[in-house]
1. How far apart, in nanometres, would the label points at Asp110 and Ala38 be if each is projected 7 angstrom from Cα along the Cα-to-Cβ direction?
2. Can you give me the Cα centroid spacing of the stretch 95-119 and the stretch 123-168 in angstrom?
3. Can you compute the FRET efficiency between Glu81 and Lys162 using 1/(1 + (r/R0)^6), with r the Cβ-Cβ distance and R0 = 25 Å? Round to the nearest 0.05.
4. Stretched out fully, how many nm does the piece from Ser213 to Phe90 gain, at 0.36 nm a residue minus the Cα gap?
5. Any chance you could run the full-extension gain for Lys136 through Asp66? It's 0.36 nm times the residue separation minus the Cα-Cα distance, nm to one decimal.
6. Cα-Cα over 22 Å: which of Lys97/Lys136; Lys97/Lys157; Lys136/Lys178; Lys88/Lys157; Lys102/Lys157?
7. First measure r as the distance between the Cβ atoms of Lys178 and Trp27, then evaluate 1/(1 + (r/R0)^6) with R0 = 22 Å and state the FRET efficiency to the nearest 0.05.
Amino acid sequence: MTAFRIVLAGLALVWLSLPASAHPHVWVTARSEIVYGADGRMSAIRHAWTFDDMFSSFASQGLDVDGDGKLTREELAPLAETNVTSLKEFGFFTFSKNGPSKVSFNEPVDYWLEQTDDKRLVLHFTLPVKDNAPAKGAAVKVEVYDPTYFVAFEFAKDDPAKLVSAPAGCALDVARPKEPDAAASQKLSESFFTGLSPGDNFGAQFSNAISVSCR
């Protein structure tokens, strides 16, 4: 069991309570925004990740301090802090390149968790670009995925992504991964993933991608 599988939730009990038969174990519905600065270059990625109901239920156990049946931002703040801190090691599942160079990101800002009416947790956070942002008007591609495929990401069917303050003439396209067929799914056992090398990027084939082009 890797450290990631525990710290993702911030609570080891979350992982221990989830089925362990095959990957993935956590499902996330994602919405993302590519934010541009005054210079016309990508300045940040803003995410809103909605976790599946099972994960949300386990992760939120014991957090309702006032017992009113609703979780406030304040009650969820420690878990939000743990989540963004833990995900740093894994690049926040957010990947972008400027030519052959990786775009790097600073520490997340404006992060918080909320609970929806149907009791699902939504993690909001913004990743400011640190280095290697593509030039103004250059093509941009941002991918969201978990290299280990412990977490399965899927862009929301409605409003999955948008541009914020982008230069005139820029438009985006969203590409979703194909679902693995039945035969492939049967191979995704714990023993299969245990046999992968640490540097394997198996989850890249399930990448969700936002591509931006500008006229």
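Each reported figure results from applying straightforward, stated rules to the coordinates on display, with no laboratory input. The shown structure was predicted, so the numbers you read here are calculated from the model rather than taken from an experiment. Virtual Cβ from ideal backbone geometry, glycine too; neighbours counted across all protein chains shown.
1. 1.7
2. Cα centroid of the stretch 95-119 versus Cα centroid of the stretch 123-168: 8 Å apart.
3. Details: r = 27 Å, r/R0 = 1.08.
Using R0 = 25 Å, I get an efficiency of 0.40.
4. Values: separation 123, 0.36 × 123 = 44.28 nm, distance 2.71 nm.
Gain on extension, Ser213 to Phe90, equals 41.6 nm.
5. On the way: separation 70, 0.36 × 70 = 25.20 nm, distance 4.90 nm.
Going from the current span to full extension adds 20.3 nm.
6. Working: Lys97/Lys136 14 Å; Lys97/Lys157 25 Å; Lys136/Lys178 31 Å; Lys88/Lys157 27 Å; Lys102/Lys157 28 Å.
Listed pairs above 22 Å: Lys97/Lys157; Lys136/Lys178; Lys88/Lys157; Lys102/Lys157.
7. Values: r = 16 Å, r/R0 = 0.73.
Calculated transfer efficiency: 0.85.
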